[in-house]
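Accompanying notes for the structure given below.
Nothing in this text is a laboratory measurement; each read-out follows from the coordinates by a stated rule. What you see is a predicted model; the values in this text were computed from it and never measured. Cβ sites come from the backbone with ideal geometry, for glycine too, and all protein chains shown count toward neighbours.
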């Protein structure tokens, strides 16, 4: 018989230590938390001791429909860990810096910046885009002419 090669799935799984982004109509929508305990097939106990006050979440039960699983996992987090232990593991795993490096966080930051622009700021962005497009087309025309 041949060898069996067993490989884990690439899907993000609900597990203790998985960092989630809270969404929906929660007052903590847009904040990060870690799954501390799985209550049942619809809910989990989360705790988000982020050093960034904008991302911190108090310990609470949350429905899986109101959270998005991230690729970040806090390794070896025991089930039902208290807030202090979660805070130490969060800092040790450097979750805040890992989150800031993700494309997901960068896009959310850019979207929040864009939504805060005034009319004049949007006008300036439009002018800068036109200038960049003009320079790109000029360089492309120069390359085509030389070829």
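Rounded if a/c is under 1.5, else prolate if a/b beats b/c, else oblate: with a ≥ b ≥ c from the C-alpha gyration tensor eigenvalues square-rooted, which is the stretch 18-94?
oblate
Helix 103-115 versus the longest principal axis of the chain: what angle, 0 to 90°, nearest 10, using Cα atoms?
Compared with the principal axis, the helix lies near 60 degrees.
So what's the angle, to the nearest 10 degrees on a 0 to 90 scale, between helix 119-146 and the longest Cα principal axis of the chain?
For helix 119-146, the angle is close to 60 degrees.
Counting each DSSP H run of 4 or more residues in the chain as -39500 (n - 2.57), what helix-only mean residue ellipticity at 222 nm follows after dividing by all residues, to the nearest 500 deg cm²/dmol? Intermediate results must be reported in sequence, preceding the final value.
Working: 4 runs with 58 residues, N = 147.
Result for the chain, helices only: -13000 deg cm²/dmol.
Of all the Cα-Cα pairs you can form in the chain, what percent are over 21 Å apart?
Working: 6094 of 10731 pairs.
Roughly 57 percent, once rounded to a whole number.
Does anyone have the angle between helix 83-92 and the longest principal axis of the chain? Alpha-carbon axes, 0 to 90°, nearest 10?
Taking Cα atoms only, the helix is inclined about 40 degrees.
If I model a spin label at residue 119 and residue 142 as a point 7 Å from the Cα along the Cα→Cβ vector, what separation in nanometres do I get?
Placing both labels 7 Å beyond Cα along the Cβ direction yields 3.8 nm.
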